[in-house]
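Participant: Take this structure first; my questions come after.
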Amino acid sequence: MHLNPPFRAEHIGSLLRPSVLFEKRSLFEQKQLSIEELRAAEDEAIKHVVQLQRDVGMRTITDGELRRGVFFEGVFDNLEGMTAIPNRPIETFKRYIPHIGMMYAYGIKEAESVFCS
């Protein structure tokens, strides 16, 4: 077992976001919360996930990408040939994809998407 760097594997990527962070992000998107208030909520959530990782003995620590709404946020904005579609009709998505199936189940009629041209 490798206890000192370099490790054979390490955690990268998103950790589950606490519900309070979803609520704060929603309020921010509705312009009912300032960016400073959102950042403060993100800071608190990040402190929690950092401590959680320390508590379980992880040697590499991540912020869990808690400052992102979704793990790919900002990626498509910087790629050539990508077109944002803010209100894509649900019928144009593949229904067999699990999160698309959930959108159908919840009656969501359209969703933001990115098209590679």
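The values are calculated or read from the model by the stated rules, or taken from the named source; none is laboratory data. This structure is a prediction, so every number in the text was calculated from the model and none was measured. Please note that ligands, DNA and RNA were not included when accessible areas were found on the heavy atoms of the full protein model with its side chains. Shrake-Rupley method; radii C 1.70, N 1.55, O 1.52, S 1.80 Å.
Participant: Quick one: Karplus J couplings for segment 20-37, per residue in order, coefficients 6.51, -1.76, 1.60, θ = phi - 60°, nearest Hz, x for Gly and Pro?
Facilitator: So the Karplus estimates, Gly and Pro as x, are 4, 5, 4, 4, 5, 5, 4, 4, 5, 5, 8, 6, 10, 8, 7, 4, 5, 5 Hz.
Participant: To continue, here is another question. What accessible area per residue, rounded to a whole number of Å², is obtained for the chain using a probe radius of 1.4 Å?
Facilitator: 78 Å²
Participant: Do the sum for the chain: with -39,500 (n - 2.57) for every DSSP H run of n ≥ 4, divided by all residues, what is the mean residue ellipticity at 222 nm, to the nearest 500 deg cm²/dmol?
Facilitator: -11000 deg cm²/dmol, from helical runs alone.
Participant: Separate question: Any lysines with Cα under 25 Å of the Lys24 Cα? List them, leaving off those in the same chain fewer than 8 positions away.
Facilitator: Lys47, Lys109
Participant: Hey, another quick one. In whole percent, how big is the carbon plus sulfur part of the accessible area of the chain, probe 1.4 Å, protein atoms only?
Facilitator: The C+S portion of the solvent-accessible surface of the chain is 58 percent.
Participant: Give the long-range amide H neighbours of Val114: residues separated by 5 or more places, or on another chain, with amide H under 5 Å away, using H modelled in the peptide plane at 1.01 Å from N.
Facilitator: For Val114, whose amide H was placed from the backbone, the distant partners under 5 Å are Ile85.
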